[in-house]
Structures are given as structure tokens and as C-alpha cells.
1. How much length is gained if the chain between B:D284 and B:E175 is pulled fully straight, taking 0.36 nm per residue apart and subtracting their Cα-Cα distance, in nm to one decimal?
2. Suppose each label sits 7 Å from its Cα in the direction of the beta carbon; what would the B:E111-B:E125 distance come out to in nanometres?
3. Work out the length of the dipole vector of chain A about its Cα centre, built from +1 on the beta-carbon of each Lys and Arg and -1 on the beta-carbon of each Asp and Glu, and round it to the nearest 20 debye.
4. If you place +1 on the Cβ of every Lys and Arg and -1 on the Cβ of every Asp and Glu, how big does the dipole about the Cα centre of the protein assembly as shown come out, in debye to the nearest 20?
5. Could you check the spin-label model distance between A:R22 and A:A71? Points 7 Å from the Cα along Cα→Cβ, value in nm.
6. Label 7 Å along Cα→Cβ of B:D136; region B:35-57 residues with amide nitrogen under 19 Å?
7. Normalising by the residue count of region B:220-272, find the relative contact order in percent from Cα pairs under 8 Å and 6+ residues apart.
8. Take the alpha-carbon centre of region B:177-256, take the same for region B:109-167, and report the distance between them in whole Å.
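What follows is calculated from the coordinates using simple rules that are stated; it is not laboratory data. None of the values given here were measured: they were computed from a predicted structure. With ideal geometry, Cβ positions are generated from the backbone for all residues, glycine too; neighbour counts draw on all protein chains shown.
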Amino acid sequence: MPGDAGMGDMADLNERALAKYRNDFLREVEERVDEGHWVKMCMQCGVCAGSCPFGPHWEHSPPKIFLMIRAGKREAVLTSDSMWMCTSCYNCVVRCPRKLPITTIMHGLATYAQRLGLAPKVQPTRDFSIIFWENFTRTGRANEMRLMLRLWFKEGFAAGVKKALSMRDLGLAMLRTKRMSPLEILGGHGVKDVKGFQAMIRKAKEIEDRRRGLSG
Amino acid sequence: MAKKEYAFYPGCTSHYRGSASNYLVSVESMCKTLDVKLTEIPDWNCCGASVSYAGSGELARHVINARNFALAERDLPGQDIVATCAACWLNARETKEQLGASAQLLADTNEALKEAGLQYRGESEVRHMVEVLIEDFGYEALGEKVVKPLEGVKFAGYVGCQTNRPFGIAGESFENPMYLDRLVETMGGEALTKYEQKVTCCGGALAVSEPEKSQKQIKDIVESAYDHGADMIVTPCPLCQANVEIYQADVNRKYGTKFNMPVTYYSQLMTVAYGGSAKEAALDGQIIRATKLEEIAAKPAKK
């Protein structure tokens, strides 16, 4: 599975978070999750839950997650599959009467769960998310060919070949319409200053970890 | 009319032989008629799209987007940045808004950008191409360039999510934005204004990771276009275009439907209405051919 390197570090981070925040999960979310300071503003109206295109597939809807955070249900929230169902459609955000940036909070919770090693292990969007991040930070630009191949072959060679064969009609159509370039496999397009690009990302992570008390 | 110039942020899918290369080609043709000069931001990078969030917290994502602003401010000063992709526009705009609201975020961003020898000053605006069309030209001026009205063609205007939410186009509602319909009418086509799936989510990136759940969305979007008698769907978003077009075969297999609905870009409509050829409108980039547009493109101009 992608992104599972350093499980020891993750477990260590989780232990330290537990020791630091004890039962105050709300404070942990406020300090460490993107836009987490908004969580306490939720008034449980449920408009977001009813506006979500993938709503029926969420075990815990956003208001439920917000309530669980306030109730200190730390493990149930961070191991939840639900945040990974967000399609980034922003329907909840524009309808929320309290204007919570729900999309960003869901992404943030998912990211924090991943960081601590608590995210569900079998979660296709989690895999895709990490593969996408690794894909575009390698060259500075997303490479669609490599992205697809990596996704198809993530379960191994045989599964990848099977997936590739099942997609061959679409692949041929994309080639025919000049919307796919096999040459991208060889390296593909990217920014010229890859070094600077990657250095600034490293720096950003370092600063943010320091601000959030996540540095080693 | 004097030439208008913009710093162009094409995004990853629009490059040569990317999945939205037909969008890029038709935008270039459309801009030629409108006398718009697009200068690519030198060395622009990916915005992070919607789904890469698990790789980092928000600061790194703002830094990535701030880099494009910094490059535009340095190399193309005074020009607005124009994005054609909904996600590129959304992410850049989100960064601009957040950095404008927090002095600490701004300082942290610039500390990271220094690693790439850059600085974000917040001087450039980022706009979607649709905003440029509506605000810098206006429907009337856009209509004056029409030489082949798209008469008799019925369009389901599928706005989708990210061109519409959370920012949207000024003066439009989130629930029922009208600009795409008005653009269609300006080009002489028939806009199916009662098309009720116009702001439904296509599944976005989850069309890849959660195909079955997304195909349900795509089925609704295409089915409603048929119910309203559409000849084709038109959209401003490259991910909407790709998802709604390329997964129709999967939807057909799963639901026993016989969908074969073309999904085009507003820029393809405009290129054809402005007298461009099928090739200039990149109609050869459709997996499901937009035959009604091809027919108009093949006819001689009326005036």
C-alpha cells in the first residue's frame, strides 16, 4: 500500500498526541487539523449531510463527525472511512448556514488520520490521494499516464495487467483523440526547477509541523 | 478592440496530448478570434488538484499555489492570471484568499518560497476563463463575433461543481447559475434551461477511486440531458468533461442504458460559432463525436 513507510514513526506520533491531548480531542483537532478551529461552530442542522452527493455512502456524516470530535471519540473519527468519501464538490460549504469550510476540514481530518497511521488500510481514495501527491511532486506537474499505471498496478502485476486490459477500449479511444501520450511514461512534462519546487514543499512541511507540534 | 493580455495557467491536463488537450486547442482558437493574448506562466506547476490532500497539510498546498502567483508576478507583472481548469482556478483562488487573510500564513508561505528563490506579493488576481469572457467582454461583445449561429442545436449546460462552488462566478447563484445557458444562447444555440443536473457532482477524482458510486452520478447527469432532448452536454470543467464523456460506456454496461451523449466545452461551441474548423475546435478530440457541431463547422459562414 502507498504511504505506509515509517509505520513506527506514525505509531510514535500517535502515542505522543495521546499523551499531549489526553481526552481533549477537540483541542487536538483545532490545533492540528486544517481549519479545525471551525469544528465547534457546527450547530448540527444537517444541511451538509443532505447535500452530499456521496451522502448515502458515509458511515459518519460531517455533523456526526463534528459531534464525535466534541465527544472525544478520537479513534472512531480518525479510523473512519467517511472523510475519504468527499468528492470536493463544495455543496456542503456553500449551503452551511455557519459557513464552515467543511470540504477542507474533511480533507484535513483524513490527512491527520493518515499522518498518525490510523486511516483505514483498505481505502481506494486514500491510495489515490497519496499516489497523486507523489506523482505531481516528483516533477512539479501531474502525469496522467504514470498516475493511471501506478493505480492499476498497486495490487501487483497480475491485477494490473487485468485492469489495463479491461481499460483497453478507453485507452485506445484516448489515443485516437490525442488525449493521451504513452511517451509520458518515460518521464513526462514537469517544471524546470524541480529542485526548488521540492525544497519549498519540504520547507513548508517543516514549518507546519513545527507550528502544530508534530516535529520529531 | 485592443488586444487583451493575460498570464495563462493551463494546468496539467491541458498540455499537449493530455486528457483535456481538446480544451486547450479550442481555447486558443477562441482567443484568436477575440484578440486575446495568453502568455503561459513560465514554469507553472500543478495546483495539487482536489484529491492529493493526504500528502500534506494546507501550508504546502498554499505554497505550491503561491509559486504560480510568484512566477506570474515576477515574469508577467500587471497581468491577471487566467485558468481554464476549474480545480486550478479554485486552488489558486483559495490560496490567494487565505494568504490575504492571515499574516502568519503569508509569512510562512514566503519563508518556504524562499527555497525556490521566489516571493509572493499578492498583486496578481486569478480568474477563470469564463470570468474573462463575461466580465471583460460581456455577452453582447461575444455575440458580435458570431458568424455561424448554432441554430437548432440543443445544449444541456452542465456547470458542475468547482467552477460554481465555493467561489462561483460573480452575480450567479450556486443552485442555478445561468451563465453557461446565456453563453449558449449568445452563440445562437438553444439552452435547455430546465436541465436539472446542471450543478450535480460527477464524482470528481473519485470517478477513479470509487467508480461505481461516481457512475451513479454520471448516469443522472446524462439521463437528464436525454430527458430534456439535448443534442449534447456543454461544460466549463475538464474533469466534468472527461468523467461524463469517457465513463458512459461503463454506465451503459452497468445500467443497461444506451448513452452516447457528446460532452463539449464552451470554447468548442464558441470556436465553431466564430467560424472555426472542426480541427480548430478540436472536435476530433471527442470520444463521442459531436456531429451537430461538426456539421455546422463544415458549412460556409452566413455572414
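1. The span from B:D284 to B:E175 would gain 36.0 nm if fully extended.
2. 3.2 nm
3. The dipole of chain A has a size of about 460 debye.
4. 780 debye
5. According to this spin-label approximation, the distance is 2.2 nm.
6. B:35-44
7. Across region B:220-272, relative contact order equals 45 percent.
8. With region B:177-256 and region B:109-167 each reduced to a Cα centre, they are spaced 20 Å.
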